[in-house]
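One structure is given below, encoded as structure tokens.
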Amino acid sequence: MEKDVNSNLSKLLSKKVTRRKALATGAKIGIAAGVAAIVAGVGGYFGGLASAPAKEVTKTVPGPERTVTVEKTVAAAERTITQTVTQTITQTITAPAAPPAKIRFDGVKITVAALAGGATGPISGPFYHYKGQFKAETGADIEVVEISFADLPIKLIADFTTKTGAYDLFVPCSNMMGDWVIPGYVHELDKWMADPRFPKWDPDDVPYAVAEASRYGGKWYGVPWDSDAWYFNWHMDFMNKVLRDKSKRDEFKSKYGYELDPYGLVKNRKLTWEKVRDMAEFFTGWDWNGDGEDDWGMVMGLRVGEQGPMWVVPFVAPWVIQYGPTNDRYHNIFWFDPETMEPLVKTEGWKEGVRMFNEIVKFTPPAAKTFTFADKWDYFLNKRKAMFLFTAPDTFTLVGNPEKSKGRGFLMTTPAPGSERVWDLKEKTWINRVNLVGNAAGCSWHPWVSSFSKNPEASYYLAAWLATPEKHRETTASAYFWTGVDPGFFSDILTDYGGKATLKDYNLPGNFQDPGYPKALYEEGDLRRAHIAVFNNYFAMDAQQQFYVKVTGAIAMFTSIDTHIVGEMLVGGISPAEALSRVYSDWNKIIDEVGREKEKGYYHAMIEYNKPNRYKPQKWLWDDRVVPKDVVFS
């Protein structure tokens, strides 16, 4: 590979040199032609006066002076006349374009509405951290208004509908975006992205799924920042101990009919929720962590009113979504039938996905139904009482911090499991194959500029400045504290896995030597496994889910999932079919209240209906160095 790269580079340089020579030759030809024209005129004059003496002719043209001596045979006189012609040649030299004047915002205050996390907490923290540096560079002040997760949609919509403009820039949960893009409550950003006065972030650096958290109808409205997705994790030290115990493996095989081989399933792209269901059951009800108490197979954060739908939606996706090169009626579709706007929640794919979700929750501790994000991470990382965790990528940032975790160096991370069959929306039948669907589940906290901002250009400047590769890498590496801004851009991912970052960016020396916390937030194995998972989730799955519902009423639709599936099904005990029926009824009411044709238009713009699918799957990554070879059985 390196040889090919070097060979191509040599050819490119060769072409550049050849072009330079050609340009130089062209200049010489131009000069010679000019001189010849002058000489021809002089020769013609002397041709009639054979006895006339040689005469020096000087032609002055603005530019550097050159003297050229030309010998020319004049036929009329049958003799050679040596003429010295001195001429000044005009040269056009293109000076490099002057850099655009540096834009400043002296005296401006940018009010940022952000998730409440404090001065060193997730999402809000970076705005505090960079206040001084940003003011020195631009003259602008940053004021942070912290808002709780539950209050964010309420306060933002109130500000928009009253046109108050209390917030210049806001960093919300992106699942709400349909409720502010469609009414025009935010600025379209393309005009500023093309303006050289503003910091340059690279749209091509952003994965398709993450870009969809800021893009609508092919245009940018938010600046990509956080890269949320739901990943699957387990404790390698406890898992490996079981895998090295032949009696335990035989027990598993006797019960389920196949080898307990989680790493092999990941390596070979065969990890499915059906297999996870068996493993979660197997690790439930006995003391595999040695604390003297029975432990659990799985944990999630399922408190109603929090982020419950973030667990449901990416879980169900592989039974529903089929990849296709075009976003048509049957491919790359998850939410609605694009021709009728009928919710797809009553299709067999949704039914099977929600049924399996309900089944796997049986192997979580009962308290998980009241767990917040913090509770769930404490149960998994600190208490270490659940073998598996399905959640946001902050897990692999937190695992290395001994104040929050006892599992540094032992975190396995992989994309969301797939399904063993997928419902064919066109043929109305099951297709039996492993189907892996990547997701950008979670809030993917991206900055947006309010249409009612008094300082829109300064606000965009701040958002773009934070998204530049250097700032973004520093933030996602949590170089100054846990920021809650997760990696996903090519500029964040290690070069070994297709990105642009190095171990040095993460304060790691390499060769799997751990300098320890706090010198390094990450242990190298944890970091590598995480980055392989990030790449595979965004770039190597069979298909991608459009997680964000960019239609009017999106907030209410997510609330409906939270109420009926997370609340009434998991806590209240209604059946999956009944829960989906209630969601179906709610969604249809929302669509009809807005207007079915209107919503269909919004949905078509959201999914770029009948246009080419922007997602192109790449080769699956695996690195033998990050998992002990003796625990991989296939």
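Every read-out reported here was derived from the displayed coordinates using simple, explicitly stated rules and does not represent laboratory data. Everything quoted here is computed from the prediction, not taken from an experiment. Cβ sites come from the backbone with ideal geometry, for glycine too, and all protein chains shown count toward neighbours.
Extending 7 Å from Cα along the Cβ direction at K589 and again at D287 yields two label points whose distance is 5.1 nm. Computed about the Cα centre, the dipole magnitude for the range 184-324 is approximately 480 debye when only Lys and Arg (+1) and Asp and Glu (-1) carry charge, each at its Cβ. Are there any GluC sites (Glu not before Pro) in the range 211-303 that are in a DSSP loop and have at most 12 other Cβ atoms within 10 Å? List them by number. Those that pass, being in a loop and sparsely packed, are E293. Taking amide H as placed 1.01 Å from N in the peptide plane, the amide H of I142 sits under 5 Å from that of I110, each at least 5 places away or on another chain.
Sites listed here are chymotrypsin sites (Phe, Trp or Tyr not before Pro) in the range 499-549 whose DSSP assignment is loop and whose Cβ has at most 15 other Cβ atoms within 10 Å: F512. Taking θ as phi - 60° and the Karplus parameters 6.51, -1.76 and 1.60, the scalar couplings of the range 402-416 work out to x, 6, 10, 8, 10, x, 3, x, 10, 9, 9, 10, 8, x, 4 Hz in sequence order, x denoting glycine and proline. Of the trypsin sites (Lys or Arg not before Pro) found in the range 530-634, those that fall in a DSSP loop while having at most 16 other beta-carbon atoms within 10 Å are R614, K619.
Label positions at K616 and R249, each projected 7 Å from the Cα along the C-beta direction, are separated by 4.1 nm. By the count of other C-beta atoms within 10 Å, a proxy for reagent exposure, H531, H564, H604 are ordered fewest to most as H604, H564, H531. Between amide H atoms placed 1.01 Å from N, distances below 5 Å from A501 occur with I493, L494, T495, all of them 5 or more places distant or on a separate chain. List, in the order given, every pair from K404/K504; K376/K550; K385/K406 whose Cα-Cα distance in the structure shown is over 21 Å. Violating the 21 Å Cα-Cα cut-off are K404/K504; K376/K550.
Overall shape: prolate for the range 214-297, with the ratio a/c of the largest to smallest alpha carbon gyration tensor axis at 1.5 or above and a/b above b/c. Percent of Cα pairs in the range 375-447 per distance bin of 5 Å, from zero to the largest separation: 3, 13, 19, 17, 13, 13, 9, 7, 4, 2, 0. Each of W335, W620 was scored by other Cβ atoms within 10 Å of its Cβ. Arranged with the fewest first, they read W620, W335.
Taken one residue at a time, the phi angles of the range 424-433 give Karplus couplings (6.51, -1.76, 1.60, θ = phi - 60°) of 7, 5, 7, 8, 6, 8, 7, 10, 8, 6 Hz. Gly and Pro are set to x. For the pair S148 and N268, the difference between a 0.36 nm per residue extended length and the Cα-Cα distance amounts to 39.1 nm.
Couplings 3J(HN,Hα) for the range 143-152, derived from phi with the Karplus relation 6.51 cos²θ - 1.76 cosθ + 1.60 (θ = phi - 60°), are 10, 9, 10, 8, 10, 5, 4, 5, 8, 3 Hz, where x marks Gly and Pro. With N the number of residues in the range 239-394, Rg(Cα) / (2.2 N^0.38 Å) evaluates to 1.18. Extension gain, H331-E188: 0.36 nm per intervening residue step, less the Cα-Cα distance, totals 48.6 nm. When peptides 297-305, 571-579 are ranked by their average number of other Cβ atoms within 10 Å per residue, the highest-first order is 297-305, 571-579. The residues D291, D228, when put in order of fewest to most other Cβ atoms within 10 Å, stand as D291, D228.
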